[in-house]
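Trainee: Starting off with a structure, shown below.
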Amino acid sequence: MAEEHADHEPSAVVDRSEGFGERLLGSLLDRAHEIPPHMIATLIAQEIGLIGGRDVEVLLQDYDQKTLVPLPGEGLVVGTPQPIDGSWAGRAFRTDKTVERTQDGAVRLFVPLLDGTDRVGILSFTVDALDDHDRRLAPRLAGLVANTLITKSMLTDRFFQARRRQPMSLSAEMQWQLLPPLMMTTPQVAVAGALEPAYDVAGDSFDYALNDDIMHVAMIDAMGHGLDAAVMATLAISAYRHARRSDVELGGLYRAMDAAIARQFGPDSFATAQMARLDVVSGRLQWFNAGQPAPLLLRGGRIVGSLDSPTTLPVGFGGATPIVAERTLQRGDRVLFFTDGLFEEHQRGGVQFGETRLRELIERVESDGDSVQETVRRLSHTLALERGATTDDATLLLLEWRGGTVDHLAIKEEPPLVGG
């Protein structure tokens with residue numbers, strides 16, 4: 001038996017040799033572990049140089065999602081900020097696809113920096129010639145750069161400072177630190193949110209989490225303005241997360257938030273809220289409303305109705321157990337949650353913006369058929385432009401149900417074999 005085993009030779013083995021792509025990505029990964037944040041720029045420029053790239057530029061989206069701003073650092077080009085609407089870099093950012101621009105006999109690449117599906121910014125560089133190997137490697141390299149930037153941003157203030165186009169209030173600083181990524185996309189569900197005014201938001205916030213087949217979303221609007229509202233919003237979202245991570249039902253989430261605000265702020269303080277959960281397999285949506293406008297159901301680029309439900313008292317007032325409403329969505333349906341700051345604001349000239357005008361603008365933007373994240377970004381900016389100067393926070397959260405399964409993502413691709 002021993003001799004038979006020793007004489008046995010496998011007919012094929014997995015090819016484990018290191019190719020150029022592995023060396024390139026592996027070098028970035030290995031060096032990034034211990035490198036200090038201020039040297040990430042140098043590392044990125046060196047790695048791009050290995051594939052013949054030059055004039056490397058990293059552009060990060062600013063907080064109001066209007067501009068791509070250059071990240072400074074040794075080895076990087078630090079040019080002028082680029083508008084997301086109306087630039088080559090912005091086109092790549094809006095579409096999440098690499099854009100190629102031929103100039104002076106060379107090719108300038110604009111590659112999306114995606115942390116999962118969250119938009120970080122754009123990696124841009126020039127090559128003398130471009131082939132399919134470059135087109136395959138560039139997005140993978142950009143993905144690793146994006147992951148590295150997000151990881152290192154937790155250790156430094158420099159990346160946050162680069163993204164700021166104007167001074168930020170303390171209340172807004174608190175809210176941005178509290179938020180989840182502005183967007184998340186999977187084959188079954190997508191969600192994206194926006195806050196206005198980005199540099200001075202206080203009492204508005206949102207949160208979401210995908211726990212197995214259940215997508216949780218919440219939106220809150222704490223009373224008042226400034227720091228007090230930001231503190232209340234922080235407590236409300238923290239109480240929501242704490243209860244959600246204990247797997248309590250929707251009513252329990254309300255009670256946890258209600259009790260936390262009542263204990264900390266007393267009977268005269270409150271926050272309006274909406275909380276929902278979506279089964280991403282069946283499309284079953286459950287939600288309750290605690291003092292906010294009814295969400296809108298969008299289908300095929302049109303508003304087909306409001307998701308009305310019995311209203312519960314805002315959290316902090318010690319209301320009764322909320323009445324949970326339920327509806328089964330169709331594939332492709334979108335649900336837009338929003339705070340009343342979107343339509344209670346006054347237009348230029350003193351006329352209240354109103355929900356009718358809000359619906360018109362929603363349908364105008366939605367009819368373009370953009371992705372969830374691009375729809376929210378454009379809608380937020382369109383509304384801000386139409387309303388003029390704002391005196392109240394305004395928040396959007398758009399949820400899209402796609403249905404289907406994700407089983408195909410778990411199918412392993414067979415590695416290449418050598419021998420025969």
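The values are calculated or read from the model by the stated rules, or taken from the named source; none is laboratory data. In this text, all values refer to a predicted model and were calculated from it rather than measured experimentally. Please note: Cβ atoms are built from the backbone with ideal geometry, for glycine as well, and neighbour counts cover all protein chains shown.
Trainee: Counting only residues that are over 20 Å from Gly404 (Cβ atoms) and among the aliphatic types (A, V, I, L, M), which one in region 281-296 is farthest from the chain's Cα centre (by Cα)?
Mentor: Looking only at region 281-296, we keep the residues that are over 20 Å from Gly404 (Cβ atoms), and these are 286-296.
Narrowing the set further to residues that are among the aliphatic types (A, V, I, L, M) leaves 290, 294, 296.
On the way: Ala290: 25, Ala294: 23, Leu296: 21 Å.
In this case the residue turns out to be Ala290.
Trainee: Quick one: would you say Gly193 is assigned by TED's automatic domain parsing to the domain that holds Gln292, at pLDDT 90 or above, of a type outside the set (A, V, I, L, M) and more than 30 Å from Leu43 (Cβ to Cβ)?
Mentor: Values: assigned by TED's automatic domain parsing to the domain that holds Gln292: yes; at pLDDT 90 or above: yes; of a type outside the set (A, V, I, L, M): yes; more than 30 Å from Leu43 (Cβ to Cβ): yes.
Yes.
Trainee: Any idea which residue in region 24-56 is surrounded by the fewest Cβ atoms within 10 Å (Cβ to Cβ), counting only those that are charged (D, E, K, R) and closer than 24 Å to Val127 by Cα? Give the steps one after another, and end with the answer.
Mentor: Here is the first cut: in region 24-56, the ones charged (D, E, K, R) are 30-31, 34, 47, 54-55.
From what is left, the residues that are closer than 24 Å to Val127 by Cα are 31, 47, 54-55.
Values: Arg31: 16, Glu47: 20, Arg54: 13, Asp55: 15.
Among them, the one singled out is Arg54.
Trainee: In addition: Within region 66-80, take every residue that is of a type in the set (A, V, I, L, M, F, W, C) and within 19 Å of the chain's Cα centre (by Cα) and give me the one that is nearest to Leu114 (Cα to Cα).
Mentor: First pass over region 66-80, keeping only residues of a type in the set (A, V, I, L, M, F, W, C): 68-69, 71, 76-78.
When the remaining residues are screened for being within 19 Å of the chain's Cα centre (by Cα), the result is 68-69.
Working: Leu68: 14, Val69: 16 Å.
Top of the filtered list is Leu68.
Trainee: Are there any pairs with C-beta distances below 9 angstrom linking a residue in region 95-112 that is over 16 Å from Asp131 (Cβ atoms) to a residue that is part of a helix (DSSP H, G or I) and of a type in the set (Asp, Glu), with the two at least 6 apart or on different chains, and if so which?
Mentor: The qualifying pairs are Thr95/Glu374; Asp96/Glu374.
Trainee: If Ala89 satisfies all but one of (1) modelled with pLDDT of 95 or more; (2) farther than 20 Å from Arg377 by Cβ, what's the number of the condition it fails?
Mentor: Of the numbered conditions (1) modelled with pLDDT of 95 or more; (2) farther than 20 Å from Arg377 by Cβ, the odd one out for Ala89 is (2).
Trainee: Still on this model: Need the failing condition index for Tyr63 against (1) among the hydroxyl-bearing types (Ser, Thr, Tyr); (2) modelled with pLDDT of 95 or more; (3) under 19 Å from the mean Cα position of the chain (by Cα), just the number.
Mentor: Result: Tyr63 passes all but (2).
Trainee: Looking at this structure, is Ala320 closer than 20 Å to Ser205 by Cβ and of a type in the set (Gly, Ala, Ser)? Please lay out each step first, then the result.
Mentor: Details: closer than 20 Å to Ser205 by Cβ: no; of a type in the set (Gly, Ala, Ser): yes.
Here the answer is no, as Ala320 does not meet what is asked.
Trainee: Which residue, of Gln264, Gln330, is within 20 Å of Val217 (Cα to Cα) and either modelled with pLDDT under 90 or not basic (Lys, Arg) (or both)?
Mentor: On the way: Gln264 fails: within 20 Å of Val217 (Cα to Cα).
Among Gln264, Gln330, only Gln330 is within 20 Å of Val217 (Cα to Cα) and either modelled with pLDDT under 90 or not basic (Lys, Arg) (or both).
Trainee: Restricting region 187-201 to residues that are within 14 Å of Ile214 (Cα to Cα) and within 12 Å of the chain's Cα centre (by Cα), which is surrounded by the fewest Cβ atoms within 10 Å (Cβ to Cβ)?
Mentor: If we take residues in region 187-201 being within 14 Å of Ile214 (Cα to Cα) and within 12 Å of the chain's Cα centre (by Cα), then Ala190 is surrounded by the fewest Cβ atoms within 10 Å (Cβ to Cβ).
Trainee: With the structure loaded, tell me whether Val69 is modelled with pLDDT of 95 or more, out of contact with any Gly (no Cβ under 8 Å at 6 or more places or on another chain) and either of a type in the set (A, V, I, L, M) or on the phi > 0 side of the Ramachandran plot (or both) or whether it fails that test.
Mentor: Numbers: modelled with pLDDT of 95 or more: yes; out of contact with any Gly (no Cβ under 8 Å at 6 or more places or on another chain): yes; either of a type in the set (A, V, I, L, M) or on the phi > 0 side of the Ramachandran plot (or both): yes.
So Val69 passes the test.
Trainee: A further question on this structure: Sort out which residues of region 90-115 are small (Gly, Ala, Ser) and more than 20 Å from the chain's Cα centre (by Cα), and write them in order of number. First the steps, then the outcome.
Mentor: Of all residues in region 90-115, those small (Gly, Ala, Ser) come to 90, 92, 105-106.
Answer for region 90-115, where residues must be small (Gly, Ala, Ser) and more than 20 Å from the chain's Cα centre (by Cα): Gly105, Ala106.
Trainee: Gly49 passes all but one of (1) among the small types (Gly, Ala, Ser); (2) in contact (Cβ under 8 Å) with a residue 40 or more places away in the chain; (3) under 20 Å from Arg135 (Cβ atoms); which number fails?
Mentor: All conditions are met except number (2).
Trainee: State which residue pairs qualify: first residue among the hydroxyl-bearing types (Ser, Thr, Tyr) and inside region 316-328, second residue surrounded by 12 or more Cβ atoms within 10 Å (Cβ to Cβ) in any location, beta carbons under 6 Å apart, and separation of 6 or more residues or different chains.
Mentor: Thr321/Gly251; Thr328/Gly283; Thr328/Arg284
Trainee: Can you pull out the residues in region 366-396 that are touching a Leu at 6+ places or on another chain (Cβ under 8 Å) and farther than 21 Å from Gly224 by Cα?
Mentor: Selection gives Glu366, Val372, Gln373, Thr375, Val376, Leu379, Ser380, Thr382, Leu383, Glu386.
Trainee: Report, by residue number, each residue of region 297-322 that is among the charged types (D, E, K, R) and under 24 Å from the mean Cα position of the chain (by Cα). Please lay out each step first, then the result.
Mentor: Let us first name the residues in region 297-322 that are among the charged types (D, E, K, R), namely 299, 302, 308.
Result: Arg299, Arg302.
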